[in-house]
Amino acid sequence: MALNSHVFLVSSLRRPHETPFPKCPNSTLPPPPRALKGGNDAHTGQGDIPYNPALGEAINMDEYRRTVPWWKRAYKHSLTQMMLLSVQAFCGPAMWDAIAGLGGGGLATPQTSNISSSHLTMKLPTVCLLGGPLVNKLGIKWSLVIGAMSFPIQGSAYYCNSAFGNQWYLIFAGFISGIGTGCWYVAEAGAIMSLAPSGARGKYLALWIVSRNLGQLVGGAINLAKNHEKGVDGGVTPDTYIVFIVIQMPFAFLLSPLEHVVRSDGTRILVLEKLRTRDEFKQIKLTMTSRLILLSAFWALWSFFYSGTWSTYLGTYFSTRARALSSLVSPFFCIVGCFGLGFILDMRGVSQRRRAMLGLWIVVILNAGVYVWSIIMQVDFNRHDPGHIDWDEPLYAKSFLPYFFVQTTGPLSQSYMYWLLSSFATDAQANVRNGAAFRCLEAMGQAISYGMNTQLQTSPLIGFIVSFALMAVALGPMILLVRSTPDRIPADVVVEQEKARQDKLEGIKTEEV
């Protein structure tokens, strides 16, 4: 694909009242005559998504520290922005996960919750599919704000169902929240893949994953504090959901637009000038048919498929207080596991391709072990129904541990995939499109999973077997994708080429003088 000149127009990307970023010497020079581009380029491995090298240059950090107040530097630092995004993930998706972690949303039976979750997840693929153009037009910050405002709606619907028996609002809220949640998911994916400097992507992603699981941990503590009495079956107390609603506030207002962020290594995020709406929609087809997305499609379908089955498993086989305890303790090992994987993926002295292959096998082997355990456990339950297991019964540890470990292996597969997608990064908008495509397929998997579990007579065994089979099918294409992983992030290559060119021209000018 030829480089479209209208895409490479360089805008200032700042409002008139904002302090401009100090640039390296000769930053006003025109871009190099031959910049890396999309298509079949070996560095990108994906469809026709262009670069904007002029916006990828490093800034002069000494000048930046001298001219920009410390508080603004701290606020616009990539780690600060990742922490703010993690706080919102803590208050939004994590609280929703904590409700889901009660099993069936904490209701007396999981059927209504599964119908609502199925409506939400069925809406997500459409919103995520169209999310690339939408988020790139609105900007990541305001897309996150819209998404954050949808989470309290779902919490209020659970409260109304629990307190007043109102089922239509719970189902309707799942449909409405699907729109806001879709905006959040697409914008979040673009942000987490763009914010981190190249040498710390694994740790940044671990911070995000851990924040979501810390939210579930806090939510689990709330659940357990309000639902700890022995012998109580049915749903959790209604005021449990009020606490969740209060926490689910839209802190996304505090985020800074990506084009104003400065990474810890002194680089800015590659942000292209906004395309026309028609051109953005054309990019949907290019992204969905790119090698990157096609090879990761089955992995995306599988990555969150476990959620519907495990929610039904908890709601079917565990007492109310055992479900509350499960939502509290299940995130603990995830914190260790995700940071451990993050350090492996960020290892120095090992090529990016080798780290990608190592991470893939770690995730696959751990998940395979959990699925085998789960299938064996469920076969036994199908033969001998255990009833509602309480935490003081001998069967509790044996039946709970598979759920405990899947709450680590599941997020590990998510963290790994976003790290891998960011290894092909060209610019922030490309990350949004790739993240939107991945989350579209991911949401389809969730919708199918929850849809399978809307019938009470459906055994979780079917979900476990389908999940295991999906992972097996996804492994082959993923190996092919990992083998094509560039040894350097393409966007970083652009930055270094531009810097080397500037240094060379500076040297020529010095010699002339």
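Where a number appears in this text, it was derived from the coordinates with a stated rule and is not lab data. Keep in mind that what you see is a predicted model, and the values were worked out from it rather than measured. Ideal geometry is used to build each Cβ from the backbone, glycine not excepted, and the neighbour counts take in all protein chains shown.
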Cβ under 12 Å from Gly202's Cβ, Gly202 left aside: what net charge do those residues give with Lys, Arg +1 and Asp, Glu -1? +3
Please go through the residue pairs Lys203/Lys282; Lys203/Lys398; Lys285/Lys504; Lys76/Lys285; Lys137/Lys504; Lys123/Lys274 and name each one whose alpha carbons sit more than 30 Å apart in this structure. Lys203/Lys282; Lys203/Lys398; Lys285/Lys504; Lys76/Lys285; Lys137/Lys504
What is the order of Phe164, Phe244, Phe405, fewest Cβ neighbours within 10 Å to most? Phe164, Phe405, Phe244
